[in-house]
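What follows is a set of notes on a single structure, which appears directly below.
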Amino acid sequence: NAGVTQTPKFQVLKTGQSMTLQCAQDMNHEYMSWYRQDPGMGLRLIHYSVGAGITDQGEVPNGYNVSRSTTEDFPLRLLSAAPSQTSVYFCASSYESSYNSPLHFGNGTRLTVT
Amino acid sequence: GEDVEQSLFLSVREGDSSVINCTYTDSSSTYLYWYKQEPGAGLQLLTYIFSNMDMKQDQRLTVLLNKKDKHLSLRIADTQTGDSAIYFCAETLGITGGGNKLTFGTGTQLKVEL
């Protein structure tokens, strides 16, 4: 049982490049989400999904796309990277969308856009 | 609005008690959480409190909630070097059309000195 696995751990992109951050969980969790962590700003929700085939926008969705074709995977796509997207990205999942179903976090992907 | 504020740094001596404070602005918050982030890792849930409670104790951890002042605190008794980490408070409005959406504070870096 690996929990929430994020790849890659580190990535450097040039402005305008595209890439996909991978997230997979093996806990059969219905709910998955992506956060970005920036100094002095805490974590901000980018996109989330309450189940396969269903996605919705969070607080800062611009510049990012997601899809949820399977329960296990929730990739985050950057279509045209910008320096403002330099951040640490965390994927999180929970069994269901309720208060007593705590979020399980991956170890993060540190992205630098030059 | 849904702003959650914390002081950025706290330094304590090993064996002393640590108190990490958090203020939130949304009075309709139903659950409040404390997460711990160790270096290079994702966030781990420490504890949570329902909004109709004033206090919750779990071993060395004590959570106090003052709804009138919208103030949440986390007390760590007998602080150890292993407690050095970033601590985030977070609030949720409950389930609104699905989604375990949390609003995180900015995080407090706790440093434990010998």
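Over all distinct Cα pairs, what is the inverse of the mean 1/r for the protein assembly as shown, reported as the Kirkwood hydrodynamic radius in Å?
Computed over the protein assembly as shown, the radius equals 18.1 Å.
Which value in Å is the Kirkwood Rh of segment A:49-114 over different Cα pairs?
Hydrodynamic radius (Kirkwood, Cα pairs) of segment A:49-114 is 13.3 Å.
Charges at C-beta only: +1 for Lys and Arg, -1 for Asp and Glu. How large is the resulting dipole of segment B:1-98 about its Cα centre, in Debye rounded to 20?
Magnitude of the dipole: close to 180 debye.
When the accessible area of each residue in segment A:15-43 is compared between its chain alone and the complete protein assembly (1.4 Å probe; ligands, DNA and RNA ignored), which residues differ by at least 50 Å², being lower in the assembly?
Buried by 50 Å² or more upon assembly, which counts only protein chains, are A:Leu43.
Just want the answer: with Cβ charges of +1 for Lys and Arg and -1 for Asp and Glu, which residue in A:Ser101, A:Val88, A:Leu45 is farthest toward the dipole's positive end in the protein assembly as shown?
Ranked along the dipole, the leading option is A:Val88.
As a test of the definition: with a 1.4 Å probe, what buried accessible area, both sides summed, do you compute for A against B, in Å² to the nearest 100?
In total, chains A and B hide about 1700 Å² from solvent.
How many percent of Cα pairs in chain A exceed 25 Å?
Above the 25 Å cut-off, chain A has 15 percent of its Cα pairs.
Can you compute 3J(HN,Hα) from phi for each residue in segment A:3-20, using the Karplus curve 6.51 cos²θ - 1.76 cosθ + 1.60 with θ = phi - 60°, rounded to whole Hz and x for Gly and Pro?
Going residue by residue, I get x, 9, 10, 10, 9, x, 7, 9, 7, 10, 10, 9, 3, x, 6, 10, 6, 10 Hz, with x marking Gly and Pro.
For the pair A:Asp26 and B:Thr30, what calculated FRET efficiency results from E = 1/(1 + (r/R0)^6), where r is the Cβ-Cβ distance and R0 = 30 Å, to the nearest 0.05?
With R0 = 30 Å, the Cβ-Cβ based efficiency is 0.50.
Out of segment B:25-114, which trypsin sites (Lys or Arg not before Pro) are coil in DSSP terms and have no more than 15 other C-beta atoms within 10 Å?
Qualifying residues, ordered by number: B:Arg60, B:Lys67, B:Lys68.
How are the C-alpha pair distances of chain B spread across 5 Å bins, as whole percents from the shortest bin up?
Calculated P(r), rounded to whole percents: 2, 12, 23, 24, 20, 11, 5, 2, 0, 0.
Tell me the label-point distance for the pair B:Leu61, A:Met19, using the 7 Å Cα-to-Cβ offset, in nm and rounded to one decimal.
3.3
Amide H to amide H under 5 Å from A:Gly3: which residues, 5+ apart in sequence or cross-chain, H placed 1.01 Å off N in plane?
The list, which skips near neighbours in sequence, is A:Asp26.
Using DSSP to call loops (not H, G, I, E or B), can you name the trypsin sites (Lys or Arg not before Pro) in segment A:1-101 whose Cβ has at most 15 other Cβ atoms within 10 angstrom?
When the trypsin sites (Lys or Arg not before Pro) of segment A:1-101 are filtered for loop state and at most 15 Cβ neighbours within 10 Å, A:Lys9, A:Lys14 remain.
In segment A:39-89, which chymotrypsin sites (Phe, Trp or Tyr not before Pro) fall in coil by DSSP and have 13 or fewer other Cβ atoms within 10 Å?
For chymotrypsin sites (Phe, Trp or Tyr not before Pro) across segment A:39-89 that sit outside H, G, I, E and B with at most 13 neighbouring Cβ atoms in 10 Å, the list is empty.
Read phi for every residue in segment A:43-50 and hand back ³J(HN,Hα) as whole Hz from Karplus 6.51 cos²θ - 1.76 cosθ + 1.60, θ = phi - 60°, with x for Gly and Pro.
10, 10, 6, 9, 9, 8, 9, 9
Distance check, please: which entries in B:Lys68/B:Lys111; A:Lys9/B:Lys36; B:Lys36/B:Lys68; B:Lys36/B:Lys101; A:Lys14/B:Lys36 exceed 22 angstrom between their Cα atoms?
Where the Cα-Cα span goes over 22 Å, the pairs concerned are B:Lys68/B:Lys111; B:Lys36/B:Lys68; A:Lys14/B:Lys36.
So how much accessible area does A:Met27 have, in Å² to the nearest 10, using a 1.4 Å probe?
Solvent-accessible area, nearest 10 Å²: 40 Å².
Tally Lys/Arg at +1 and Asp/Glu at -1 over every other residue whose Cβ is under 9 Å from the Cβ of A:Ser67; what's the total?
Local net charge: +1.
Given labels modelled 7 Å from the Cα in the Cβ direction, how far is it in nm from A:Tyr95 to A:Thr114?
Those two pseudo-labels are separated by 4.6 nm.
For segment B:19-84, take N as its residue count and report Rg(C-alpha) divided by 2.2 N^0.38 Å.
1.15
Once both labels are modelled 7 Å past Cα along the beta-carbon direction, what's the B:Ala41-B:His71 spacing in nm?
3.1
A:Leu43 accessible area, nearest 10 Å², 1.4 Å probe?
10
The values are calculated or read from the model by the stated rules, or taken from the named source; none is laboratory data. As the structure is a computational prediction, the values presented were derived from the model and not from experiment. Using ideal geometry, Cβ is built from the backbone for each residue, glycine included, and neighbour counts are taken over all protein chains shown. Side chains are part of the model used for accessible areas, which takes the heavy atoms of the whole protein and leaves out ligands, DNA and RNA. Shrake-Rupley method; radii C 1.70, N 1.55, O 1.52, S 1.80 Å.
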